[in-house]
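The values are calculated or read from the model by the stated rules, or taken from the named source; none is laboratory data. In this text, all values refer to a predicted model and were calculated from it rather than measured experimentally. Using ideal geometry, Cβ is built from the backbone for each residue, glycine included, and neighbour counts are taken over all protein chains shown.
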Amino acid sequence: MEPQNPYKITINPISLVFIFIQVLIIIFVAISLPQIFKSNEITWNETERQPQIIIKDLSESDPDFGSDNVSILQNELFNVISQADFSIDSVKEYSIVPDSFKTLYFDYYQTKFVSFLIDIPELSNQYQIFYSYSFPSGEAPDMFISILCSPESKDCTDAKGQTSRNKIVSDYLGYFDFEYFTAYMDEDSTPTITISPIDLNATETTKKLYINKIKEAIQSLGISPDLFKYKVLTQADMTYRLD
């Protein structure tokens with residue numbers, strides 16, 4: 001007969017299962033408790049929970065627009081919408097209106113200009129976004145942004161600090177390389193675009209051609225050329241001073 005081991009401990013398999021289940025419960029509670037009692041307050045480093053605006057498909061529509069610039073543009077849209085008495089307390093995603101995306105590249109100035117419409121369903125309005133930036137460098141310091149109510153939007157007031165369409169046309173007309181004339185607009189006066197041709201004795205047909213060229217340029221900026229009047233200078237508009 002073998003001698004009995006007084007220190008031998010026999011554990012029932014059922015007890016092992018019970019102990020294992022208890023351990024799992026303890027682990028689950030340890031993981032879950034911090035989430036259960038987690039404060040609803042959003043901390044400064046929880047960027048994914050902070051109120052913000054995301055423009056869907058912007059990076060796909062304009063692959064040259066860097067991620068930093070996208071953030072700047074989205075923050076500016078956030079500020080504009082906030083001025084419209086619309087409280088943003090979460091992450092909001094908005095879509096670019098189909099077929100509204102326009103882009104231009106001014107090679108001489110190495111500048112890319114973009115405009116598009118974006119739907120804001122909560123406000124029953126659309127905004128038109130204009131921006132330009134250095135290309136191919138894409139540096140933010142040279143970036144321009146203006147966010148305005150779309151021409152079709154009703155009961156919509158442009159946010160403070162945004163550049164008007166008149167000012168945009170006035171600033172960017174000089175970026176176009178017109179072959180036989182130059183054009184300018186005094187932004188402080190009636191929105192009349194003055195065309196100064198090389199030949200001050202241009203025919204009526206030629207004048208209409210110049211005006212159409214200007215209208216096409218304005219349209220390419222995403223702005224209606226019908227907002228402006230047009231004048232082509234002639235010899236009679238020139239004055240001479242004889243000493």
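What to note about this one:
- All conditions in (1) without any contact (Cβ under 8 Å) to a residue 24 or more places away in the chain; (2) surrounded by 14 or more Cβ atoms within 10 Å (Cβ to Cβ) hold for residue 94, with the sole exception of (1).
- Meets criteria (closer than 21 Å to residue 75 by Cβ, at pLDDT below 95 and under 15 Å from the mean Cα position of the chain (by Cα)) for residue 145: no
- Given (1) out of contact with any strand residue (DSSP E or B) (no Cβ under 7 Å at 6 or more places or on another chain); (2) closer than 23 Å to residue 69 by Cα; (3) free of Cβ contacts under 8 Å to residues at least 12 places away in the same chain, number of the condition residue 160 does not satisfy: (3)
- Output for the stretch 46-64, where each listed residue is over 19 Å from residue 133 (Cβ atoms), modelled with pLDDT of 90 or more and outside any strand (DSSP E or B): none
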